[in-house]
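Since every read-out is calculated from the coordinates, none of them should be taken as a lab result. From a predicted model like this one, the values you see are computed outputs, not experimental measurements. Here the Cβ positions follow ideal geometry from the backbone for every residue, glycine too, while neighbour counts run over all protein chains shown.
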Amino acid sequence: MKVNIVFGTVYGSAQAVAEQLTAQIQQAGVEVELREHSQLSGWLPPAEQVLLVVSSTTGQGDVPDDIAPWFQALKQQAPYLPAVYYAVVALGDSSYEHFCGAGRQFDELLAELGAKSLLTRLQLDATETMSPEQDASAWLPKFLAAISSR
Ligand SMILES: Cc1cc2nc3c(=O)[nH]c(=O)nc-3n(C[C@H](O)[C@H](O)[C@H](O)COP(=O)(O)O)c2cc1C
């Protein structure tokens, strides 16, 4: 099952996590594509494929500006996506009131659109880890297992 990765970032951490996951998923022999923001306009996650959203949070629980247009388009268009599988890796900081708010918003939106959650959202807390890439790596086997059981 092909994995499509999209990311939202302000300072680059979520992009680094997305790039590393892309490389590791490829190494695991699974087809994967990291979609740049310029490739998101008008794009809908295809049926029978996996959407992996990797996003940090900005403002007060907000989606980063680079991926916000796509998030808003999905919200407005509200396509029905019952054959799309998804997972969310959320980067945040628990000293903020709306911890991992962007990841939560993506999770809720995709569930509303009928997409199927593969596993519980991974939340990476900047107060607890200096290396979100390592934490995402440790989580990856769970994600790969969830894909292969579909
Ligand atoms: C101005 C600003 C606002 C932030 N707001 C939140 C927030 O509301 N909730 C949260 O969990 N983290 C928040 N964060 C923390 C970032 O999401 C976190 O540091 C993340 O690792 C940054 O990843 P990035 O480099 O991909 O942008 C905020 C950080 C900044 C600088």
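Of all DSSP beta bridges confined to the range 4-150, the antiparallel ones make up roughly 5%. Volume per residue of the convex hull around the Cα atoms, evaluated for the range 72-132, comes out as 86 Å³.
Quote the FRET efficiency, to the nearest 0.05, computed for L44 versus R150 with a Förster distance R0 of 22 Å and r equal to the Cβ-Cβ distance. Show your work: numbers first, answer last.
Values: r = 19 Å, r/R0 = 0.88.
FRET efficiency, L44 to R150: 0.70.
For the range 1-136, the relative contact order is 26 percent, taking Cα pairs closer than 8 Å that sit 6 or more residues apart in sequence and dividing their mean separation by the residue count. Summarising the label geometry, the points placed 7 Å from Cα in the beta-carbon direction at E108 and D65 lie 2.4 nm from one another. Principal semi-axes of the equivalent ellipsoid, √(5λ) from the alpha carbon gyration tensor of the chain, are 21, 19, 14 Å from largest down. For the range 112-150 and the range 12-79, what is the separation of their Cα centres, given in Å? Taking the Cα centre of the range 12-79 as reference, the centre of the range 112-150 is 13 Å away. Counting other Cβ atoms within 10 Å, which chymotrypsin sites (Phe, Trp or Tyr not before Pro) in the range 42-109 have at most 15 and lie in a DSSP loop? Of the chymotrypsin sites (Phe, Trp or Tyr not before Pro), the ones in loops of the range 42-109 whose Cβ has at most 15 other Cβ atoms within 10 Å are W43, Y80. Of all lysines in the structure, those lying under 19 Å Cα to Cα from K2, and not within fewer than 8 positions of it along the same chain, are K116, K142. Here the range 17-54 is scanned for amide nitrogen atoms under 16 Å from the site 7 Å beyond the Cα of K116 along Cα-to-Cβ, giving 46-52.
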